[in-house]
Number of protein chains: 4
Amino acid sequence: MCRWAAYVGAPIFLEEIVSRPGHSLIHQSHCATQCHTAINADGFGVAWYGERPEPGLYRDVMPAWSDPNLRSLTAQVKSGLFLAHVRASTGTATSRNNCHPFTVGRWSFMHNGQIGGYEAFRRDADMMIRDDLYPHRKGATDSEALFLIALAEGLEDDPQGALERAAARVIALARAKGAAPHLRLTAALSDGARLYAVRYSTDALAPTLYHRWSDRRQGRAVVSEPLEQDEGDWTEVPAGSFCTFEGRDVQVSAFLPEAVSAAA
Amino acid sequence: MCRWAAYVGAPIFLEEIVSRPGHSLIHQSHCATQCHTAINADGFGVAWYGERPEPGLYRDVMPAWSDPNLRSLTAQVKSGLFLAHVRASTGTATSRNNCHPFTVGRWSFMHNGQIGGYEAFRRDADMMIRDDLYPHRKGATDSEALFLIALAEGLEDDPQGALERAAARVIALARAKGAAPHLRLTAALSDGARLYAVRYSTDALAPTLYHRWSDRRQGRAVVSEPLEQDEGDWTEVPAGSFCTFEGRDVQVSAFLPEAVSAAA
Amino acid sequence: MCRWAAYVGAPIFLEEIVSRPGHSLIHQSHCATQCHTAINADGFGVAWYGERPEPGLYRDVMPAWSDPNLRSLTAQVKSGLFLAHVRASTGTATSRNNCHPFTVGRWSFMHNGQIGGYEAFRRDADMMIRDDLYPHRKGATDSEALFLIALAEGLEDDPQGALERAAARVIALARAKGAAPHLRLTAALSDGARLYAVRYSTDALAPTLYHRWSDRRQGRAVVSEPLEQDEGDWTEVPAGSFCTFEGRDVQVSAFLPEAVSAAA
Amino acid sequence: MCRWAAYVGAPIFLEEIVSRPGHSLIHQSHCATQCHTAINADGFGVAWYGERPEPGLYRDVMPAWSDPNLRSLTAQVKSGLFLAHVRASTGTATSRNNCHPFTVGRWSFMHNGQIGGYEAFRRDADMMIRDDLYPHRKGATDSEALFLIALAEGLEDDPQGALERAAARVIALARAKGAAPHLRLTAALSDGARLYAVRYSTDALAPTLYHRWSDRRQGRAVVSEPLEQDEGDWTEVPAGSFCTFEGRDVQVSAFLPEAVSAAA
């Protein structure tokens, strides 16, 4: 089922989000509370933006709780925009290329959810990936495929529209060849300038999504589950939303892949 | 906390114990029910006896549930005596050399439990390992140290006595420099001819141990937790016991490290 | 560039081919002498047939020389038909799913060589994989794709014809979108009953292939490089050959993908 | 045999030393030219100093050339003082805890060379490690042991003296229980303020050591082998030297463990 956490704001050590809070992402890798599986131990990854346009990326197949490399990295690296993820596989093998986040150029993407019945139409999904982006298709997950389809749909110019169009395409596939729920999509993505997140499902069970501004840090955490039990001021994002986080601002609009399908 | 399962009898595929039962060892790697941690995902290992005097050994740091190598190996390899283990670390790093079982020559050993406060006297424990056995000290676990100490105490000639003497020595260390509970020891070991198991603790919480003869298989499973929920005929081994399993026979005697200490 | 070794005959320990000879496969993983790269350290794998129709499979990303699991496995497992491979990547990532051999059902396949300019048309190659076989497309190598294309072309009924047709298809792709040499193919495959091998290239540099019957073992080794320097009686397979090994027999016929292309 | 490279000066991306030069450290992991083994593929590691007193540490068992994590990390992380190492094992297992550099608190250490016949007296070497430092003994290498012995000998106050005393102790051990050459020691170490290096051997074959100031970078590289073939201005450090690098300065003094032994 996966859990993830992202941050945008003044640069902080990655560990401020990944490992130090009481219910940090690493804590959620073995004790998640708001999803089907408490355990998210099929690998992890972190993508962070620094001086380069493209982000750094560190992914491995170990449970996040047991990796000293991750602990060291998150204690040393500071960033003003980063994505971190712990994985619970929905079927695909445990390998580095199947861990999130995925990166292409300046873009990074991570996902909690799945495309329903995906293994029955993985080939069709792969075929939806544009030719020049196929070299970036390194693993076999539905998440990586969705990301590459969205890139071709114009993530660069219109992130929300591109993701709606990509979601519509995979929903149609899942309807034709897969299974319900056709798409559960709580995801985060970034080009290094802004952080985006979406919370959506074709059924009533969109995986959770929260965010919270920290005056102390001068930044915002965007997460699957609140990082501290006793912090009551996490804002829950409603299902069917696309969020844009930039500096202190939050913009939320309705996320409507069905409108795309209807128009098509 | 770890979970383990062993078998002695007519040769069967390893998977008959490791993965196929409803509450198999692999199931226990994420859903253990009779120990402190449901999750035992800090590595796994299997040692099996075949045509050679020394056993085969396959260990890795992945959670057992996600390793296709393990699945393939257990589906292909048949053995009349094998040990399998899934690990929950009690402090030491996740690495192959810290996974159980451990093997030296014909002997194999795996352990569920710990030596209390071990990290405070690991050096003393290492110093108890006899010089000629030190090349076999490859990791940093208390379990591997205990095994090597027991080997020097005469495992070859008197497995129970050797293990009692080794247990007495580490208990004394834990009393002097460590913490209570000084020793929890539910372990299995073998020389390829017989399977031995011990269930012991200095406190009242000796980790669980069961066994069951299968007429169908013509062999006996010795386990941390029964492999099927609905099989009511698993025999529970009392705390403070040393068992010898050979063919159909089971011999149980009182396991008394304290007697050794008292004598010393 | 890769190196591989296979065996068919009376059951022997895998190590008799994989590690014990003077110029064993493990030796070739760091000191190969008949190929472009002396080092083949981007992973390894072994597939072996035993009691099941489908083979066992053990693959990992470590250099073969440093894996104690491989050493143990090959010392313990006996088989009358097995394939072993050490990898030098021609571009694709180092991951377990990119290691050879590949297995589907009863079939196993390993490859030394490449499809020229493959990364430019990987998507086209993936699209050649039949829908129902796509779940078996787990990695991103040209070798795995070729194997899956050959399966759909009828490996089951006509191994040579199927492989010729598959080769013809990828050669056409490489001619259209890739680079010369369009295909170098020294491969071994098996259904558990017979061992097949092919030595072919569109240019003059088909990777090497030898075989040798051993009276002592009552079996035949089929290899990239002879396993002992001083054994002068290895038979070199001419380029453009397809071999069938069964028991003591060897049948060699001309391997002609171009004939397929011409006919098409 | 190992190869390593260190840097001290104005902050640069780690890749400027680790991967970008023509004969970078990663190049040396498969094509080293000045040591016994061209291949150094038994793991790698990098320790870098940033905002914290203690360094970051990333180590893994893959060959350095095939790890995308390393490539990403070195492209993103900038540091004014770092150590990087590629390993060729002299006997001990390939595991993360046996990779260099090693770190304790602010100190980092990496080594090219060995203690002669070490496996015969590993226990004695472990016994030389002071009790309170033993928790840092995570692996089984001679290098890690030497580092921990040196720490206890006063690395904090007198790095050269401490390393001479530690070297003297292990040389004595090797003379008594091991083999010649008793010690080959080309190592680098740092406390985050200064970079130190030593080139020493009990025989005539001290592993190579060079350094070079770069005006462009405003920093100094200290290496096993020059990073570019055509740069003729690398300074070779004579055998029997201890170097202190700080800012632009280089101080070189005679490294004399024998004097310590004689005095003892």
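Residue B:68 meets each of the listed conditions (1) within 11 Å of chain C (Cβ to nearest Cβ); (2) in contact with a Pro (Cβ under 9 Å, 6 or more places away or on another chain); (3) not charged (D, E, K, R) apart from (2). Filtered by the rule that a residue be assigned to a helix (DSSP H, G or I) and more than 7 Å from chain D (Cβ to nearest Cβ), the stretch B:112-135 gives B:118, B:120, B:124, B:125, B:132, B:133. Could you tell me whether residue C:224 is within 18 Å of the chain's Cα centre (by Cα) and of a type in the set (S, T, N, Q)? So residue C:224 fits the description; yes. Selection of the stretch D:172-202 for residues being assigned to a helix (DSSP H, G or I) and charged (D, E, K, R) yields D:175, D:177. Set side by side, the residues D:89, D:143 differ, and just one is modelled with pLDDT under 95 and within 15 Å of the chain's Cα centre (by Cα), which is D:89.
One line per residue, one yes/no per condition, for (1) under 25 Å from residue C:126 (Cβ atoms); (2) in contact with a helix residue (DSSP H, G or I) (Cβ under 7 Å, 6 or more places away or on another chain):
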residue	(1), (2)
C:178	yes, yes
C:182	yes, yes
C:194	no, no
C:216	no, no
C:233	no, no
C:238	no, no
C:258	yes, no
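Close contacts from the stretch C:80-101, counting a first residue that is farther than 10 Å from residue C:42 by Cβ and a second that is part of a helix (DSSP H, G or I), with Cβ to Cβ under 7 Å and a gap of 6+ residues or different chains, come to C:84/C:17; C:84/C:18; C:84/C:25; C:91/C:119; C:100/C:143. Among the criteria (1) closer than 24 Å to residue D:243 by Cα; (2) assigned to a strand (DSSP E or B); (3) out of contact with any Lys or Arg (no Cβ under 8 Å at 6 or more places or on another chain), the one residue D:8 does not fulfil is (3).
Residue C:47 meets the stated requirement of being out of contact with any helix residue (DSSP H, G or I) (no Cβ under 7 Å at 6 or more places or on another chain), part of a strand (DSSP E or B) and among the aliphatic types (A, V, I, L, M). Answer yes if at least one residue in the stretch D:55-76 is of a type in the set (D, E, K, R) and farther than 19 Å from residue A:67 by Cβ, and no otherwise. Checked the stretch D:55-76: no residue is of a type in the set (D, E, K, R) and farther than 19 Å from residue A:67 by Cβ. Every listed requirement among (1) under 30 Å from residue A:131 (Cβ atoms); (2) touching a Pro at 6+ places or on another chain (Cβ under 8 Å) is met by residue C:227 save one, (1). The condition of being of a type outside the set (A, V, I, L, M), more than 9 Å from chain B (Cβ to nearest Cβ) and under 17 Å from residue B:75 (Cβ atoms) holds for only one of C:101, C:21, that being C:101.
Selection of the stretch A:48-75 for residues being modelled with pLDDT under 95 and either under 15 Å from residue A:4 (Cβ atoms) or out of contact with any strand residue (DSSP E or B) (no Cβ under 8 Å at 6 or more places or on another chain) (or both) yields A:61, A:64, A:65, A:66.
Among the criteria (1) assigned to a helix (DSSP H, G or I); (2) within 14 Å of chain A (Cβ to nearest Cβ); (3) surrounded by 24 or more Cβ atoms within 10 Å (Cβ to Cβ), the one residue C:140 does not fulfil is (1). Checking each residue of the stretch A:211-229 against the condition of being in a strand (DSSP E or B), basic (Lys, Arg), touching a residue at least 60 places away in the same chain (Cβ under 8 Å) and farther than 18 Å from residue A:32 by Cβ gives at least one match. I need the full set of residues from the stretch C:29-44 which are assigned to a loop (DSSP other than H, G, I, E, B) and surrounded by 24 or more Cβ atoms within 10 Å (Cβ to Cβ), in order please. Hits for the stretch C:29-44 are C:40, C:41, C:42, C:43.
Among residues belonging to the stretch C:232-259 that are of a type in the set (Asp, Glu) and part of a strand (DSSP E or B), point out the one that is nearest to residue C:155 (Cα to Cα). This residue is C:246. Taking the stretch B:26-47 as the range and being among the aliphatic types (A, V, I, L, M) and modelled with pLDDT of 95 or more as the test, the residues that pass are B:46, B:47. Which of the residues that make up the stretch C:198-218 are buried (at least 23 other Cβ atoms within 10 Å of the Cβ) and within 23 Å of residue C:14 (Cα to Cα)? Residues satisfying the conditions are C:198, C:209. If you check residue C:148 against the conditions, is it away from chain B (no Cβ under 14 Å), in contact with a strand residue (DSSP E or B) (Cβ under 9 Å, 6 or more places away or on another chain) and part of a helix (DSSP H, G or I)? When the stated conditions are applied, residue C:148 passes them. Please go through (1) under 28 Å from residue D:65 (Cβ atoms); (2) touching a strand residue (DSSP E or B) at 6+ places or on another chain (Cβ under 9 Å) for residue C:19 and return the number of the only condition it doesn't satisfy. Every condition holds for residue C:19 apart from (2). If only residues of the stretch C:151-166 that are outside any helix (DSSP H, G or I) and among the charged types (D, E, K, R) are counted, the one that is surrounded by the most Cβ atoms within 10 Å (Cβ to Cβ) is C:153. Consider the stretch C:76-92 and keep the residues that are touching a strand residue (DSSP E or B) at 6+ places or on another chain (Cβ under 9 Å) and not in a strand (DSSP E or B). The one that is farthest from the other protein chains (Cβ to nearest Cβ) is C:90. Flag set for residue A:169, criterion: more than 13 Å from chain C (Cβ to nearest Cβ), assigned to a helix (DSSP H, G or I) and basic (Lys, Arg). Quick check on the stretch C:52-65. Is at least one of its residues surrounded by fewer than 24 Cβ atoms within 10 Å (Cβ to Cβ), part of a loop (DSSP other than H, G, I, E, B) and away from chain B (no Cβ under 12 Å)? The answer is no; no qualifying residue exists. All conditions in (1) farther than 23 Å from residue D:139 by Cα; (2) within 13 Å of another protein chain (Cβ to nearest Cβ); (3) small (Gly, Ala, Ser) hold for residue D:9, with the sole exception of (2).
The values are calculated or read from the model by the stated rules, or taken from the named source; none is laboratory data. Here the structure is a predicted model, which is why all the values come from computation and not from measurement. In this analysis, Cβ positions are derived from the backbone assuming ideal geometry, glycine residues included, and neighbour counts consider all displayed protein chains.
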